[in-house]
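K.L.:
I have a structure I would like to understand better, so I am pasting it below and will then ask my questions one at a time.
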Amino acid sequence: MSESLRMAAVGLGRIGRIHAQHVHELASEQPGLCELTALVDNDRERAEALAQEFGGDLQIFATVEELIAANCSEASFICTPTETHRETAGALIRAGQRVLLEKPLTDSLEEDREFVAELNASHPHSIMLAFQRRFDAPLQYAKELLEAGTIGRAFKIVSALEDSGPPHAAYRSGGLLVDMSVHNVDEILWMTGKFPQSAGSMGSLIYSQDFSPVKEDFDDGFIRLWFDDRMIAQIEVSRNHVSGYRVETWIFGEKGQIHIGRFEQKPLEVVVETYGPDKPIDRKAFHMRDYGRLVPEFVDRFGPAYRAELAHFVEQCRKGEPFAVGHNDGLRAMEVIDAALRSKWEPVPVQSAKTAPA
């Protein structure tokens, strides 16, 4: 492809705006690579404000049908509510576009399987699923250390993702574990190259739901995964980390552990530390991007990964080649989460022996 890849932004909420900014930056830095040509959102005022900010001659549409009819883009990124993903992505793909789709693929395992079967049969390389952790430099470095045998055989992974508060009022959730832990599940499958044999989950409503306008099944959740080769993984997700956004992963091996940390209330620094049984082995700090304005807390942590993800999407579209992560990866993550949800772990009452008076 010699001409710029013409791209449309479909859904202009928090992450849609960030993707649009990254396209605009890539276009400015590498003329002829890509260009943002259209915005699709049912909030006309929001779309017009974004178009004015970028200073470009952007076409604005209320629906993807209008976008398709205008024939002004070859690729789109979709950042609409989960329940609209299949319909929106399907329409664009059938029109010949390639799509970067925010996770999850759909909002149920049954629909995931139906959509994946349709894609595999007719459009096997049309969707890139937005699992940005695969493009995160600290996690990539940790994966290299693991594959190099730095800590020996891994036997436990702990992956934590905790928001400092509930989602914004306009957020439409498919459930805490479906919408939130999908990132952690994919991280573990990607990091280890393994698929679990069984899964279990539990969750609670303990704090943020008391004042959140967004009603979810849980505001705090836990998943345990069991793999072969005597390995387990556990995932902690929450809306209740009131002292700041927390993203951490620990990988425990027979020769030590790797910690990928981002809490310590240093939003623009992520440290990967490796420890042996009796001394540190390695330490590397990664500095995240300062956007120079207030951005959602997950963008502070993953801004460079979102941009690297978008750059990969553009490159593969221009070359006409498959993406590094696709719809089948989304299905695998949903299969794990569905199994975990079906486990229905239930609390068991604690029976305490009564102590006889002295």
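K.L.:
Here are some residues: 252, 263. Which one is outside any helix (DSSP H, G or I) and modelled with pLDDT of 95 or more?
P.N.:
Going through 252, 263 in turn, just one is outside any helix (DSSP H, G or I) and modelled with pLDDT of 95 or more: 252.
K.L.:
Now for a separate question. Collect the residues in the stretch 257-295 that are without any contact (Cβ under 8 Å) to a residue 12 or more places away in the chain and within 18 Å of residue 158 (Cα to Cα), keeping them in residue-number order.
P.N.:
Result: 264, single match.
K.L.:
Could I ask something else about it? Anything in the stretch 28-47 that is in a helix (DSSP H, G or I) and either surrounded by 21 or more Cβ atoms within 10 Å (Cβ to Cβ) or of a type in the set (Ser, Thr, Tyr) (or both)? List them, or say none.
P.N.:
Hits for the stretch 28-47 are 28, 47.
K.L.:
What pairs can you find where one residue is in the stretch 296-308 and surrounded by fewer than 19 Cβ atoms within 10 Å (Cβ to Cβ) and among the aliphatic types (A, V, I, L, M), the other is modelled with pLDDT of 95 or more and in a helix (DSSP H, G or I), and their Cβ atoms are less than 9 Å apart, with a gap of 6+ or different chains?
P.N.:
308/132; 308/135; 308/137
K.L.:
Do the conditions hold for residue 301, that is, is it under 20 Å from the mean Cα position of the chain (by Cα) and either at negative phi or in the same structural domain as residue 151 (by TED's automatic domain parsing) (or both)?
P.N.:
So residue 301 fits the description; yes.
K.L.:
Residues to consider are 12, 67, 50; find the one that is of a type outside the set (Phe, Trp, Tyr), crowded, with 19+ Cβ neighbours inside 10 Å and either assigned to a loop (DSSP other than H, G, I, E, B) or within 22 Å of the chain's Cα centre (by Cα) (or both).
P.N.:
Answer to the selection: 12.
Here's the yes/no breakdown for (1) in the same structural domain as residue 184 (by TED's automatic domain parsing); (2) part of a loop (DSSP other than H, G, I, E, B); (3) buried (at least 19 other Cβ atoms within 10 Å of the Cβ):
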position	(1), (2), (3)
19	no, no, yes
57	no, yes, no
60	no, no, no
96	no, yes, no
100	no, no, yes
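K.L.:
Okay, moving on. Scan the stretch 201-218 and report the pairs whose first residue is in contact (Cβ under 8 Å) with a residue 60 or more places away in the chain and whose second residue is charged (D, E, K, R) and surrounded by fewer than 16 Cβ atoms within 10 Å (Cβ to Cβ), with Cβ atoms within less than 9 Å and a gap of 6+ or a chain change.
P.N.:
Here the result reads 201/342; 201/344; 202/344; 202/346, each pair linking the stretch 201-218 to a residue that is charged (D, E, K, R) and surrounded by fewer than 16 Cβ atoms within 10 Å (Cβ to Cβ).
K.L.:
While we're looking at this one, here's another question. Being among the hydroxyl-bearing types (Ser, Thr, Tyr), crowded, with 18+ Cβ neighbours inside 10 Å and either over 19 Å from residue 180 (Cα atoms) or in the same structural domain as residue 178 (by TED's automatic domain parsing) (or both) narrows it down to one residue among 245, 291, 275; which is it?
P.N.:
When all the criteria are applied, what remains is 245.
The values are calculated or read from the model by the stated rules, or taken from the named source; none is laboratory data. These figures come from a predicted structure and were not determined experimentally. Because the Cβ atoms are built from the backbone with ideal geometry, glycine has one as well, and the counts that use them run over all protein chains shown.
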